[in-house]
Amino acid sequence: MTLPSSPACARNRDPILAVLCEYFADRTRVFEVGSGTGQHAEYFAAALPHLRWQATERTENLPDLTARLAAAGLSNTPAPLALDVNDGTWPVGGYDALFSANTLHIMSWPEVERLFAGAGTLLAEDARIAIYGPFNYAGRFTSESNAAFDAWLKAQAPHQGIRGFEAVDALARNAGFSLDADVAMPANNRCLAWSRAGG
């Protein structure tokens, strides 16, 4: 069985891993929103065996994700969970970290709002969040390639687009998290990291 593969995942996994090695060093249970092909879940769980990595996807995308993780046979990747931020049903908490990559510009803005609201109730009091992807700052694109990417996204679906850092940070703060790091990544992406305020 040939599983779907994302070239972007293969390119960005090591820079993201470098951030997670530091930021999730003392974490135990990670909840990944929008695991896609499962390449990140497989790679990060293998590299960070102290973490129990819970992958999630929308129901229609679960078969390939489940097949990839089953083939990998890692002991710290339980069966993926179905998750649609729109239905308001999040699993029982106990997770002390949340990760998501290249999802915010695919979701509609109300869905981004629901992601952070859900994280606020799902995660433990001392939890951390790490989000990877492109972001705008002060209403401006950080590169011509990001501007072109945003135009392409909107041509595919009007609800898509690169999100503003300030607006996303406000959602995290409203959920009780404070920004710890904003790390520049290759290809004009960022890795944003928050922790529960006072955690």
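The values are calculated or read from the model by the stated rules, or taken from the named source; none is laboratory data. A quick note: this is a predicted structure, and the numbers were derived from the prediction, not measured. Positions of Cβ are generated from backbone atoms using ideal geometry, with glycine treated the same way; all protein chains shown enter the neighbour counts. In case anyone asks, the SASA skips ligands and DNA or RNA and just uses the protein heavy atoms, side chains included. Shrake-Rupley method; radii C 1.70, N 1.55, O 1.52, S 1.80 Å.
Could you please report the charge total around residue 60, scoring K, R as +1 and D, E as -1 over all other residues with beta-carbon less than 14 angstrom from its beta-carbon?
For residues surrounding residue 60, the net value is -3.
Residues of the chain: accessible area per residue at 1.4 Å, in Å²?
46 Å²
For residue 108 and residue 26, what is the calculated FRET efficiency with R₀ set at 41 Å and r taken between the beta-carbons, to the nearest 0.05?
0.75
Work out, in µm²/s and without decimals, the Stokes-Einstein translational diffusion coefficient of segment 46-199 at 25 °C, 0.890 mPa s, Rh from Kirkwood over C-alpha pairs.
148 µm²/s
Summing Lys, Arg as +1 and Asp, Glu as -1, what charge do residues with Cβ under 15 Å from the Cβ of residue 71 carry, residue 71 excluded?
The answer is -1.
Can you give the Rg/Rh ratio of segment 37-132, where Rg is from the C-alpha atoms and Rh is the Kirkwood radius?
Rounded to two decimals, Rg/Rh equals 0.94.
Could you tally the net charge around residue 86, taking each other residue with its Cβ under 12 Å from the Cβ of residue 86, Lys/Arg +1 and Asp/Glu -1?
In short, -2.
With label points built 7 Å along Cα→Cβ from the Cα atoms of residue 50 and residue 70, find their separation and express it in nm.
3.2 nm
Determine how many Å³ per residue the convex hull of the Cα atoms of segment 10-64 encloses.
For segment 10-64, the hull spanned by Cα atoms encloses 76 Å³ per residue.
Could you check how much of the accessible area of segment 90-199 is carbon and sulfur, as a whole percent, using a 1.4 Å probe?
After summing per-atom areas, the C and S share lands at 55 percent.
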